[in-house]
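The values are calculated or read from the model by the stated rules, or taken from the named source; none is laboratory data. Here the structure is a predicted model, which means the values were calculated and not measured. Neighbour counts run over all protein chains shown; Cβ positions are idealised from the backbone, glycine included. Surface areas here come from the heavy atoms of the whole protein model, side chains and all, with no ligands, DNA or RNA. Shrake-Rupley method; radii C 1.70, N 1.55, O 1.52, S 1.80 Å.
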Amino acid sequence: MITGVVGEPDGGPGRGHIVQDGGYPGFLNWLAEGVRLVGGAGRLAAFAAGLARDHVLGAADSNLSGEIAALLGPGKGFPGVLPLLGVGRDVPDGVMGLRDGRLDVRWTTATSRAYYEGVRTTMRRLADAMGTGFLDNPVWWWRRVVTVHPVGGAPIGDRPEEAVCDPYGEVFGHPRLYVADAAALPGPVGVNPSLTIAALADRMSTRLLEDRPPRRAHRPPTAPATALTFAEVMRGALADGPGLVLRLTVTVDDVDAFIDSPDHRAAVRGAVDCDPLGGRLPVREGWFNLLVPGGPPGRRRMLYHLHLDGPQGRPLTLTGRKEVGDDPGPDLWADTTTLAFEIRHGRHAPGEETGQPPLCSGVVRVGRLDFVRQLASMRATGPAPLAALARFGEFFAGELWGVYGPGR
């Protein structure tokens, strides 16, 4: 049981660390037995031979805890010894992978050697203050360490190129799949990590609840809904030049209700890709309104309102619209495939006036090949998929006819 903590504060010229006393748990005798290695030359020779064999053969498997247990012996009674536990933030530059079906960890203590010396210096000062001697853990003779708080493996980060999860623990490319344990930590936190892990899990749970889909109204079993989904990709650039791509999936939960509703609103998921804004920005929640009245009489708009997560979880809101109107010349294709957008800081509800200038703006378009893919991606699920597709097509074509048809 840990009863005391001392150390060097973090945030100074180097990485800080703390040293804790190990109390007198059951493993104290086991660790303390290391000072009797002079009388256990056979155990020491067997341990060294095993390490040499593994190194020469490049063995992927290991049993370090068992090997140390054999080295240190049974540990029967050793009073007057206080184990010291070093906790801190060594350099997290290891790489984990699979080799022959087993975990393969490529990591070295060399890049953290100066840091370990700082921890050992603190321990020596404690020993001097108590008027006693200091002994290293025997495994340090081979520049190896043992940890009881391994973290990382599926770390959080700003973009999928450098991490598995976003700052809220959601796995990139897999919406609503979260990592909530120590694997999400991108590196050591410098203290016993249980409270940090709990805080990350609590933060993730709060976001999960905030993004929970609204409950659908109960529908009688005699009137099930037919849903419709399709993918849309728009490519373009910010006003100052850098490229930007919208990769969206539009979901209509109930085709009949969608067409009958005056706002023709559907849900949107997906992501915005733009390097100057931080790479891939997931759409946490989004809305799409299809061909709603707007502007002068006889014109329609397609509206997009997307809540995005920027770097470090920074909230952003993208608003955009396609202006659909019969202007001089052939413009139906350009009107229905060209989206002008703006991105602002914060979360803003659809139709909310923020009064703040946009962070950036630009224009994206649906290319001809992407339009073909969009049509091919349409899927209707439910009791009447063909009828739903037909009604959706009639609605879309009818609205366009009302704008561009003869006599308009």
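Taking H as built 1.01 Å from N, whose amide H comes closer than 5 Å to the amide H of E285, not counting residues under 5 places away?
For E285, whose amide H was placed from the backbone, the distant partners under 5 Å are H307.
Rounded to whole Hz and in sequence order, give me ³J(HN,Hα) for the stretch 295-309 from the Karplus expression 6.51 cos²θ - 1.76 cosθ + 1.60, θ = phi - 60°, writing x for Gly and Pro.
Calculated HN-Hα couplings, in order: x, x, x, x, 10, 10, 9, 10, 10, 10, 9, 10, 8, 10, 10 Hz.
Amide H to amide H, which residues 5 or more places from G190 or on other chains are under 5 Å from it, using H placed in the peptide plane?
Long-range HN contacts for G190: G88.
Around C165, which amide H atoms from residues at least 5 apart in sequence, or from another chain, sit under 5 Å from its own amide H, with H modelled in the peptide plane?
Excluding prolines and chain starts, which carry no amide H, the hits are I156, G157, F172.
Once ligands and nucleic acids are excluded and a 1.4 Å probe is used, how much of S205 is accessible, expressed in Å² to the nearest 10?
Accessible area, nearest 10 Å²: 50 Å².
Let's see if you can work this out: charge +1 on each Lys and Arg Cβ, -1 on each Asp and Glu Cβ, no other charges. What is the dipole magnitude of the stretch 89-131 about its Cα centre, in debye to the nearest 20?
60 debye
What are the radius of gyration and Dmax of the stretch 241-366, computed over its Cα atoms and given in Å?
For the stretch 241-366, the Cα-based Rg and Dmax read 14.9, 46 Å.
Quick one: net charge around L248, please, counting Lys, Arg +1 and Asp, Glu -1 for every other residue with C-beta under 14 Å from its C-beta.
+4
Relative to the Cα centre, what is the charge dipole magnitude of the stretch 130-178, using +1 at the beta carbon of each Lys and Arg, -1 at the beta carbon of each Asp and Glu, and rounding to the nearest 20 debye? Walk me through the intermediate numbers first.
On the way: 4 positive and 6 negative charges, 54 e Å.
For the stretch 130-178, the charge dipole is close to 260 debye.
In the neighborhood of G278, defined by Cβ-to-Cβ distances under 12 Å, what is the net charge if each Lys or Arg adds +1 and each Asp or Glu adds -1? Intermediate results must be reported in sequence, preceding the final value.
Details: positive: R159, R280, R314; negative: D158, E161, E162, D166, D273, D275, D309.
Once positives and negatives cancel, what remains is -4.
Determine the order of M96, M234, M123 by accessible area, beginning with the largest, at a probe radius of 1.4 Å.
Working: M96 110, M234 0, M123 20 Å².
Ranked from most to least accessible, the order is M96, M123, M234.
With a sphere of radius 14 Å drawn around the Cβ of H264, what net charge do the other residues whose Cβ falls strictly inside it have (Lys, Arg +1; Asp, Glu -1)?
Details: positive: R265, R300, R301, R321, K322, R391; negative: D253, D254, D256, D260, D263, E394, E399.
For residues surrounding H264, the net value is -1.
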